[in-house]
Amino acid sequence: MENLEMLTGTFPVAPDQLAHDLAVAKLIKSGAVPASASGYAYYGAYIKYLREFETVIANRIPEESENVSG
């Protein structure tokens with residue numbers, strides 16, 4: 001770790017890697033997959049949550065549009 005990293009409390013990590021790590025941690029914490037699960041189990045649970053999230057967003061967009069125009 002470099003001195004600047006020690007002083008600022010930051011560390012270099014790619015945003016996509018951080019997003020992946022946080023998603024895996026959330027899946028483990030939620031109980032959706034055990035910590036010892038394979039990559040395929042993580043991927044399946046991740047896709048399931050992604051689809052549910054996309055559905056929520058898709059359902060809210062018309063509601064938000066009605067609130068703005070009405």
**OP:** Output yes when any residue across the stretch 48-70 is loosely packed, with under 10 Cβ neighbours inside 10 Å, outside any helix (DSSP H, G or I) and either modelled with pLDDT of 75 or more or small (Gly, Ala, Ser) (or both), and no when none is.
**Re:** yes
**OP:** Hey, can you tell me all the residues within the stretch 29-40 that are crowded, with 16+ Cβ neighbours inside 10 Å and under 14 Å from the mean Cα position of the chain (by Cα)?
**Re:** Ala32
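The values are calculated or read from the model by the stated rules, or taken from the named source; none is laboratory data. Note that the structure is predicted; figures quoted are calculated from it, not measured. Neighbour counts run over all protein chains shown; Cβ positions are idealised from the backbone, glycine included.
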